[in-house]
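Quick notes on the structure that follows.
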Amino acid sequence: MTQAAPGNTDIANLGMSNGSGSEPSRLKFSGSDRFIRELRKRVDAYFERTGRSKRDCPQMYFKTATILAWFATSYLLLLFFATSWWTVVPLAVVLGLSIAAIGFNIQHDGGHRAYSNHQWVNKIMALTLDLMGGSSYMWDWKHNSIHHTYPNIDGQDDDINLGFLGRLAPQQRRLGFHRYQGIYLWLLYGFIAIKWHLIDDFYQLFRGRIGAHKIPRPKGKDLAIFIAGKVVFFSIAFGIPMLLHPWWAVLLVYGLAAFVSGVVLSVVFQLAHCVGEADFPVPIAAEGGGERMQTDWAIHQVQTTVDFARGNRVLCWFVGGLNFQIEHHLFHKICHIHYPALSKLVEEACHEFGVRYAAQKSLFSAIASHFHWLVRMGQPNVIANDLPAA
Ligand SMILES: [Zn+2]
């Protein structure tokens with residue numbers, strides 16, 4: 001039995017091509033969906049029992065106001081009050097962290113429609129990404145539809161594709177200098193946000209593609225939001241500050257804040273997927289043509305994702321529950337503040353159904369695991385660990 005990904009309806013419209021212009025096909029999952037059906041039943045029972053709401057949680061509105069105030073304060077202090085390097089540098093770092101916090105908490109929940117039952121509220125929260133320099137339209141395709149359907153599948157999941165710069169999956173080609181990627185990639189992560197702001201969105205819009213996936217170009221209202229978002233971002237990041245400060249100082253502050261947010265955002269996502277504890281499954285030939293995965297969609301999400309530092313409440317607050325990324329992948333339309341409670345139900349069900357549930361004890365062990373994975377992938381003797389039998 002083959003099945004489409006149940007969690008992502010957008011993917012039904014998503015063309016996939018090998019880049020050579022061949023006919024689009026869609027990769028499907030297979031196997032029993034008993035695990036996710038049972039898990040959804042238990043999660044629904046939890047919400048009924050506790051009387052909590054899956055979305056529109058008062059804590060989220062408070063958290064949103066706190067983070068936006070954090071962002072506005074550091075931005076305004078930089079704009080009007082910081083005059084020496086020893087005030088500018090720490091404030092730019094603090095601004096970068098606030099941008100990451102907006103991404104993890106506000107934009108991510110809004111973009112997943114996990115913030116509110118009202119779609120206009122989700123939309124407004126998702127638009128905070130446009131304010132921060134990324135396009136919420138492109139993100140919806142890249143993250144919501146592609147990454148969340150096909151995590152850790154090489155050739156499908158654009159989040160594990162660094163091009164020639166790094167090898168994150170065993171199926172990817174190794175180049176000689178990847179031997180050093182355990183060191184240099186941490187630095188390159190910092191430039192991801194800058195590349196995203198200045199190149200990626202425009203390039204993907206121009207090509208109508210994200211990696212191997214064709215995407216519809218934004219039209220009408222979506223295109224207007226794309227353009228308006230870029231105008232607002234460039235005004236906030238460069239235009240307004242340049243009225244008050246020298247251009248080189250504005251560029252340096254932008255570079256530092258974007259670098260900090262890029263490192264933090266990238267590393268948190270990498271810790272959940274690009275570690276030795278996560279699988280990198282490959283599709284197999286399906287009867288009747290095309291390809292299929294060997295597991296059900298939900299089991300694939302668990303096996304390709306790893307939680308970390310589940311007891312660290314401060315970290316959990318800052319990263320918007322993304323240290324509970326297994327729960328996020330299974331229930332991405334539920335507000336992240338519920339993930340710690342849901343993780344107990346998910347872990348229990350995984351044990352019962354014989355699905356491996358992986359969690360790193362601490363942030364440090366998760367970072368160490370990502371480092372070891374990068375080193376391992378950079379070695380010449382590592383071959384694909386999950387290739388199907390010929
Ligand atoms: Zn997500």
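The values are calculated or read from the model by the stated rules, or taken from the named source; none is laboratory data. Owing to the predicted nature of the structure, the values given are computational and were not obtained by experimental measurement. Here Cβ is always computed from backbone atoms with ideal geometry, including for glycine, and neighbour counts include all displayed protein chains. Ligands, DNA and RNA are excluded from the accessible area calculation, which covers all protein heavy atoms including side chains. Shrake-Rupley method; radii C 1.70, N 1.55, O 1.52, S 1.80 Å.
Taking a ≥ b ≥ c as the square roots of the eigenvalues of the Cα gyration tensor of the range 132-238, is the shape rounded (a/c under 1.5), prolate (a/b larger than b/c) or oblate?
Working: a/c = 2.76, a/b = 1.52, b/c = 1.82.
It is oblate, given that a/c is not under 1.5 and a/b is not larger than b/c.
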Counting Lys +1, Arg +1, Asp -1, Glu -1, what net charge surrounds Val232 among other residues with beta carbon under 15 Å of its beta carbon? -1
Scalar couplings 3J(HN,Hα) for the range 324-337 by Karplus 6.51 cos²θ - 1.76 cosθ + 1.60 (θ = phi - 60°), nearest whole Hz, x for Gly and Pro, are 10, 6, 4, 5, 4, 5, 7, 10, 6, 9, 10, 4, 5, 5
How large a share of the accessible area of the range 168-287, in percent, is made up of carbon and sulfur atoms when the probe is 1.4 Å and the other protein chains stay in place? 74
Taking H as built 1.01 Å from N, whose amide H comes closer than 5 Å to the amide H of Asn312, not counting residues under 5 places away? none
Net charge of Cβ neighbours under 10 Å - reference Gly133; Lys, Arg +1; Asp, Glu -1: -1
Within the chain, how many Lys pairs sit with Cα atoms under 20 Å apart, leaving out pairs fewer than 8 places apart on the same chain? 27
Placing +1 on the Cβ of each Lys and Arg and -1 on the Cβ of each Asp and Glu in the chain, which of Thr73, Leu342, Gln107 has its Cα farthest towards the positive end of the resulting dipole? Thr73
How do the peptides 333-339, 174-180 rank, highest first, by the average count of neighbouring beta carbon atoms within 10 Å per residue? 333-339, 174-180
Under 5 Å between amide hydrogens, which residues at least 5 positions from Glu291 or on another chain qualify, with H placed 1.01 Å from N in the peptide plane? Lys28, Ala286
Could you order the peptides 121-128, 82-89 from most to least packed, using the average number of other C-beta atoms within 10 Å per residue? 121-128, 82-89
May I ask you to evaluate 6.51 cos²θ - 1.76 cosθ + 1.60, the Karplus curve with θ = phi - 60°, for each residue of the range 110-118 and list the ³J(HN,Hα) values in order in whole Hz, giving x for glycine and proline? x, x, 8, 6, 9, 7, 9, 7, 9
Note, the range 292-305: 3J(HN,Hα) by Karplus (6.51, -1.76, 1.60, θ = phi - 60°), whole Hz, Gly/Pro = x, goes 9, 8, 8, 10, 5, 4, 5, 5, 4, 4, 5, 6, 9, 9
Give me the 1.4 Å probe accessible area per residue for the range 138-247, excluding ligands and nucleic acids, in Å². 48
Please give the solvent-accessible surface of Arg207 in Å², to the nearest 10, using a probe radius of 1.4 Å with every protein chain present. 100
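What does the charge count near Ala285 come to, summing +1 for each Lys or Arg and -1 for each Asp or Glu among other residues with Cβ under 13 Å from its Cβ? Mind showing how you got there, number by number?
Details: positive: Lys28, Arg292; negative: Glu287, Glu291.
Surrounding charge for Ala285 is 0.
Let's see if you can work this out: charge +1 on each Lys and Arg Cβ, -1 on each Asp and Glu Cβ, no other charges. What is the dipole magnitude of the chain about its Cα centre, in debye to the nearest 20?
Numbers: 35 positive and 28 negative charges, 64 e Å.
Charge dipole of the chain: 300 debye, to the nearest 20.
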Suppose we keep just the DSSP beta bridges with both residues in the chain; what percent of those would be antiparallel, to 5? 75
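After finding the eigenvalues of the alpha carbon gyration tensor for the range 71-173, what semi-axes result from the square roots of 5 times each, listed largest first in whole Å?
Numbers: eigenvalues 191, 96, 15 Å².
Semi-axes from the Cα gyration tensor: 31, 22, 9 Å.
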Each label point is 7 Å from the Cα along the Cα-to-Cβ direction; what then is the distance between the points at Phe177 and Ala249, in nm? 3.5
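If you place +1 on the Cβ of every Lys and Arg, -1 on the Cβ of every Asp and Glu, and leave all else neutral, what size is the dipole of the range 129-177 about its Cα centre, to the nearest 20 Debye?
Values: 4 positive and 6 negative charges, 66 e Å.
The dipole of the range 129-177 has a size of about 320 debye.
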For the chain, the charge dipole (Cβ of Lys, Arg +1; Cβ of Asp, Glu -1; about the Cα centre) points to a positive end, and the Cα of Ala228, Gly289, Phe259 closest to that extreme belongs to Ala228
